[in-house]
Amino acid sequence: MISTGDSSPATRLEAPMRRQLLAAISQAAWPVMALGRPFEAVAADLRSQPTGQPVIETLSVLRSRLELQFAPGFSPTLQAAARTWVHTSADAVARYFGRFPVPKVELLLVPEDGSGVRGGVTYDEPSLLIRVRLGRQTTEAQFIDDWVLVHEMVHLAIPRVPRPQNWLHEGVATYVESVARGRVGLVPPATVWRVWAADMPQGQPQAGDAGLDHTPTWGRTYWGGAMFCLMADVEMLNRSAQRQGLQHALQGVLAAGGNYGVAWSVDRILSAADAAVGQTTLTDLYRRMKDSSEPVDLDSLWRSLGVAGGTLDDDAPLAKVRRAILPW
Ligand SMILES: [Zn+2]
């Protein structure tokens, strides 16, 4: 079971950047998302249920099926807005992975008092299920701004891992959520880089740290894992002249049969990912970081990528890598 609550890292997107983000999205996001959306709502499957019963719809996302379950208490307006939000989130995830991560998943939406997306949990038993709590007063802007559902859907793309390596799951979900949403215009790429530069230091080892596999703190789990993903992505793209990065590596895990429906060791996941791009970057980085409390030189990484100083520098040595992660 993997949960995303209000205290998870990307809630920071709601802080000072929120107004700017929404302004940008209201200009650009909906027309972009209307083009070539790789999923289709099957309206004929909409079944009206007696009061007190969930309303169930089936969405096709490429070759996958999402069973969308509205718990009792949704107004028609909220239900329509939530349906669009599910479409948009599934689209962002499917575009990143080249497919939706699993053939079938249930998505249970539960309304409650208040506004906003209140947190999500992904379950693997008895079948794959994402449960999300939604405020009844959630606005369209809040749906556009939401990261929780994409985060939970990204979890579906990684096999279940032993508890000490939960940082890999949360790290991939935290990192890929931002990239996937940035790629489809739900968040401006410059904002993603600014948030990462501000928040990723929370993933650095603190006093008493014993490496990623032995330090299950919030910072190391979410941002330490995201830092691992960023470092791997940069190195893979740099080595391959920007042709193949973490996206291709993670697509390789899916192609090898790895997703949240199965339990794999981290070594197996990283080997499959490395094999997909013909490198050993992920395995090597894991060996270096799993037991080590050595901090990452993030300041140097931001300078190389051209992220330092609050602006994006296209003359930086790794500017091409930065644009390969998040083009604009
Ligand atoms: Zn998570």
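Which order results if 174, 283 are arranged by neighbouring Cβ count within 10 Å, fewest first?
Ascending number of Cβ neighbours within 10 Å: 283, 174.
Enter the mean projected area of the convex hull around the alpha-carbon atoms of region 125-169, in nm², rounded to one decimal.
Computing the convex hull of the Cα atoms and averaging its projections yields 4.4 nm².
Hey, can you grab everything whose amide H is under 5 Å from the amide H of residue 134? Only 5+ residues off in sequence or another chain; H modelled, so Pro and N-termini drop out.
Here the answer is 110, 112, 118, since their amide H atoms fall under 5 Å of that of residue 134.
Can you list residues from other chains, or at least 5 along the same chain, whose modelled amide H is less than 5 Å from the amide H of residue 104?
65
What are the radius of gyration and Dmax of region 152-276, computed over its Cα atoms and given in Å?
14.2, 40
Please compute the Kirkwood hydrodynamic radius over region 58-129, one decimal place, Å, based on all pairs of different Cα atoms.
When all Cα pairs of region 58-129 are included, the Kirkwood radius is 13.1 Å.
Let me understand region 218-277 better: what is its radius of gyration from the alpha carbons, and its Dmax, in angstrom?
Spelled out, the Cα radius of gyration and Dmax of region 218-277 are 12.1, 34 Å.
Using the Karplus curve 6.51 cos²θ - 1.76 cosθ + 1.60 with θ = phi - 60°, work out ³J(HN,Hα) for each residue of region 173-179 in order, rounded to whole Hz, and write x for Gly and Pro.
After applying 6.51 cos²θ - 1.76 cosθ + 1.60, I find 4, 5, 6, 5, 4, 5, 5 Hz.
How large is ³J(HN,Hα), in whole Hz, for each residue of region 271-284 in order, when computed from phi with the Karplus curve 6.51 cos²θ - 1.76 cosθ + 1.60 and θ = phi - 60°, using x for Gly and Pro?
So the J values, rounded to whole Hz, are 5, 5, 5, 4, 4, 5, 10, x, 10, 10, 4, 5, 4, 5.
Give a residue-ordered list of calculated ³J(HN,Hα) values for region 105-122 (Karplus: 6.51 cos²θ - 1.76 cosθ + 1.60, θ = phi - 60°; whole Hz; x for Gly, Pro).
3J(HN,Hα) across region 105-122, in whole Hz: 8, 9, 10, 9, 9, 10, x, 8, 5, x, 9, x, 7, 8, x, x, 9, 10.
Calculate how many DSSP beta bridges within region 59-204 are antiparallel, expressed in % of all such bridges and rounded to the nearest 5.
Here the share of antiparallel DSSP bridges comes out near 40 percent.
None of the figures in this text is laboratory data; all of them are computed from the coordinates on show. Keep in mind the model is a prediction, meaning the values are calculated, not measured. Here the Cβ is made from the backbone with ideal geometry for all residues, glycine too, and neighbour counts use every protein chain on show.
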